[in-house]
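Inspection log for the structure reproduced underneath, given as structure tokens.
The values are calculated or read from the model by the stated rules, or taken from the named source; none is laboratory data. Please read these numbers as outputs of a predicted model, since none were measured by experiment. With ideal geometry, Cβ positions are generated from the backbone for all residues, glycine too; neighbour counts draw on all protein chains shown.
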Amino acid sequence: MRMNKDVIIACDFSSGGEVCDFLGLFREEARKPFVKIGMELFYAEGPAIVREIKRRGHRVFLDLKLHDIPNTVRKAMRVLSGLDVDMVNVHAAGTVAMMEAALEGLTRPDGSRPLLVAVTQLTSTSEERMQSELLIGASMEDTIACYALNARKAGLDGVVCSPREAGLVKEMCGSGFITVTPGIRFEGASADDQVRITTPARARELGSDFIVVGRPVTAAPDPVAAYRKCIQDFLSCNEK
Ligand code: C5P
């Protein structure tokens, strides 16, 4: 299984036409960007859009955040594994048993499978709401550390977290445990609806393996230039 570092573009578009027009901008790139397909696009276009993006040579993170009983998740993962995506995810809140079932469903008869990561706590959930609404009495940091350890125990490859938590996750779960981190903005840019933001260079320093970047690239006047800047800032030191 390939373990590396990369920039993943969050293709949060509502139609296949829009995403294909957008990805067409990158046709001259020697290495096609790794893209994230979320619920909006997948529910609108179904598996066909995944196959089309794979056919164009992109790696795909299918961000469907599965969270259900183990048997349902196992069977759903078996279907997703047939789509030949490169990364998929579940909610760690589904428990170790659910994550183990996800891994089992995802693993093909030849032993190969996409990377499987678990969402710890959504970055839209504050510690206060987690405690008052979800009745989780622990701190956000302790909750994330516990969820990451559960994901590792279930045999997953890593977690989705904020870059600020990447160091903690590595400390708890080892340097080979992958951290996939959204909430990325260039210096001085608008945070939009993100609360805890980090630049690509800072995410690299904090130990992120994959940064997930949406609007700073998709809404940029020149998306290809913005993507190249992310690559430069995030990967430059690692490539030396
Ligand atoms: O446009 P922006 O860079 O904020 O996009 C971030 C992407 O990462 C979105 O697709 C969002 O759904 C996703 N994400 C996130 N925070 C999480 C998990 C996923 O922002 N905790």
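Please find, within segment 20-62, the residue that is surrounded by the fewest Cβ atoms within 10 Å (Cβ to Cβ) out of those that are within 23 Å of Ala203 (Cβ to Cβ) and among the basic types (Lys, Arg).
Top of the filtered list is Arg31.
Quick one: would you say Met130 is within 26 Å of Ile53 (Cβ to Cβ), within 16 Å of the ligand (Cβ to nearest atom) and surrounded by 14 or more Cβ atoms within 10 Å (Cβ to Cβ)?
Criteria not met by Met130.
Could you list, in sequence order, the residues of segment 36-50 that are within 23 Å of Val160 (Cα to Cα), aliphatic (A, V, I, L, M) and in contact with a Leu (Cβ under 7 Å, 6 or more places away or on another chain)?
Ile37, Met39, Val50
Can you tell me which residue among Phe210, Phe177, Phe234 is farther than 18 Å from Ile9 by Cβ, touching a strand residue (DSSP E or B) at 6+ places or on another chain (Cβ under 8 Å) and not β-branched (Val, Ile, Thr)?
That would be Phe177, the only listed residue that is farther than 18 Å from Ile9 by Cβ, touching a strand residue (DSSP E or B) at 6+ places or on another chain (Cβ under 8 Å) and not β-branched (Val, Ile, Thr).
How many residues does segment 194-217 hold that are near the ligand (Cβ under 7 Å from one of its atoms) and modelled with pLDDT under 95?
Summing the residues that are near the ligand (Cβ under 7 Å from one of its atoms) and modelled with pLDDT under 95 in segment 194-217 gives 1.
Return the residues of segment 7-19 that are away from the ligand (no atom under 13 Å from the Cβ) and surrounded by fewer than 16 Cβ atoms within 10 Å (Cβ to Cβ); say none if nothing qualifies.
Of everything in segment 7-19, those that are away from the ligand (no atom under 13 Å from the Cβ) and surrounded by fewer than 16 Cβ atoms within 10 Å (Cβ to Cβ) turn out to be Ser15, Gly17, Glu18.
For segment 213-229, name all the residues that are within 19 Å of Thr181 (Cβ to Cβ) and of a type in the set (A, V, I, L, M, F, W, C). Don't jump to the end; show me each part of the working.
Narrowing segment 213-229 to residues within 19 Å of Thr181 (Cβ to Cβ): 213-218, 226-227, 229.
If the condition is that a residue be within 19 Å of Thr181 (Cβ to Cβ) and of a type in the set (A, V, I, L, M, F, W, C), then Val213, Val217, Ala226 are the ones that fit.
Restricting attention to segment 221-237, does a residue exist that is within 16 Å of the ligand (Cβ to nearest atom), farther than 30 Å from Arg74 by Cβ and at pLDDT below 95? So that I can check it myself, show each step before the final result.
Here is the first cut: in segment 221-237, the ones within 16 Å of the ligand (Cβ to nearest atom) are 221, 223, 226-227, 229-231, 233-234.
If we keep only those that are farther than 30 Å from Arg74 by Cβ too, we end up with 221, 223, 226-227, 229-231, 233-234.
Narrowing further to those that are at pLDDT below 95: none.
No.
Provide a single number: the residues in segment 160-193 that are within 10 Å of the ligand (Cβ to nearest atom), aliphatic (A, V, I, L, M) and part of a strand (DSSP E or B).
Qualifying residue count for the region: 3.
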